[in-house]
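A.B. asks: Quick one: this structure, given as structure tokens, is what I'll be asking you about.
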Ligand code: AMP
Ligand code: ZN
């Protein structure tokens, strides 16, 4: 828990969120500024600032995030047409919240390459 972290405050309930799924290790909620018909964020319930902080000691959180993301893709009917996972890291990666989060984007044709 990092007190001035927005997503830690969503985990603690201090900041509200439109929750989609939750277990002991991960939490999913709808992005406040959706970029596709389905845009859900899945976060570890541990303050991991970015992908650069992943290691053997916290890898169970990444596993929980990816497992939850697949369950959500199926529940939200995204798996037949396909969807995209995005994790932004750092300034050039476009990361604006320094708590690791996996974006699930789906419900429309997504373009490639990204901007
Ligand atoms: P990133 O740019 O990869 O760091 O993604 C951060 C994401 O968090 C953006 O897509 C924002 O729209 C989203 N976001 C910011 N504040 C909130 C919030 N209070 N609830 C839900 N999503 C948020
Ligand atoms: Zn945090």
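A.B. asks: Give the residues of region 1-34 that are surrounded by fewer than 17 Cβ atoms within 10 Å (Cβ to Cβ), free of Cβ contacts under 8 Å to residues at least 40 places away in the same chain, near ligand 1 (Cβ under 8 Å from one of its atoms) and closer than 21 Å to residue 62 by Cα, sorted by residue number.
C.D. replies: Across region 1-34, the qualifying residue is only 30.
A.B. asks: Just wondering, is there one or more residues in region 74-85 that are more than 16 Å from ligand 2 (Cβ to nearest atom) and within 22 Å of residue 2 (Cα to Cα)?
C.D. replies: No.
A.B. asks: Oh, and also: From the list 90, 115, which one is farther than 17 Å from residue 62 by Cα, touching a residue at least 40 places away in the same chain (Cβ under 8 Å) and out of contact with any strand residue (DSSP E or B) (no Cβ under 7 Å at 6 or more places or on another chain)?
C.D. replies: 90
A.B. asks: Among the residues of region 59-94, count how many are in a loop (DSSP other than H, G, I, E, B) and farther than 18 Å from residue 110 by Cβ. Walk me through it before giving the result.
C.D. replies: Taking region 59-94 as the starting set, the residues that turn out to be in a loop (DSSP other than H, G, I, E, B) are 76-82, 87-89, 94.
Remaining after also requiring farther than 18 Å from residue 110 by Cβ: 89.
Going through region 59-94 one residue at a time, the tally reaches 1.
A.B. asks: For region 64-107: of the residues being away from ligand 1 (no atom under 16 Å from the Cβ) and over 14 Å from residue 21 (Cβ atoms), which is surrounded by the most Cβ atoms within 10 Å (Cβ to Cβ)?
C.D. replies: 79
A.B. asks: Moving on to the next point. Can you tell me which residues in region 95-112 are away from ligand 2 (no atom under 16 Å from the Cβ), in contact with a strand residue (DSSP E or B) (Cβ under 7 Å, 6 or more places away or on another chain) and part of a loop (DSSP other than H, G, I, E, B)?
C.D. replies: 107, 110
A.B. asks: Out of the residues in region 35-58 that are in contact with a strand residue (DSSP E or B) (Cβ under 9 Å, 6 or more places away or on another chain) and assigned to a loop (DSSP other than H, G, I, E, B), state the one that is nearest to ligand 1 (Cβ to nearest atom).
C.D. replies: Kept after step one, since they are in contact with a strand residue (DSSP E or B) (Cβ under 9 Å, 6 or more places away or on another chain), are these residues of region 35-58: 35-45, 58.
Subset that is assigned to a loop (DSSP other than H, G, I, E, B): 35-37, 45, 58.
On the way: 35: 7, 36: 11, 37: 15, 45: 16, 58: 19 Å.
Filtering region 35-58 for residues that are in contact with a strand residue (DSSP E or B) (Cβ under 9 Å, 6 or more places away or on another chain) and assigned to a loop (DSSP other than H, G, I, E, B), the one nearest to ligand 1 (Cβ to nearest atom) comes out as 35.
Rule-based calculations on the coordinates, nothing more; no lab input. The model shown is predicted, which means the values in this text are computed figures rather than measured ones. We place every Cβ from the backbone using ideal geometry, glycine too, and count neighbours over all the protein chains shown.
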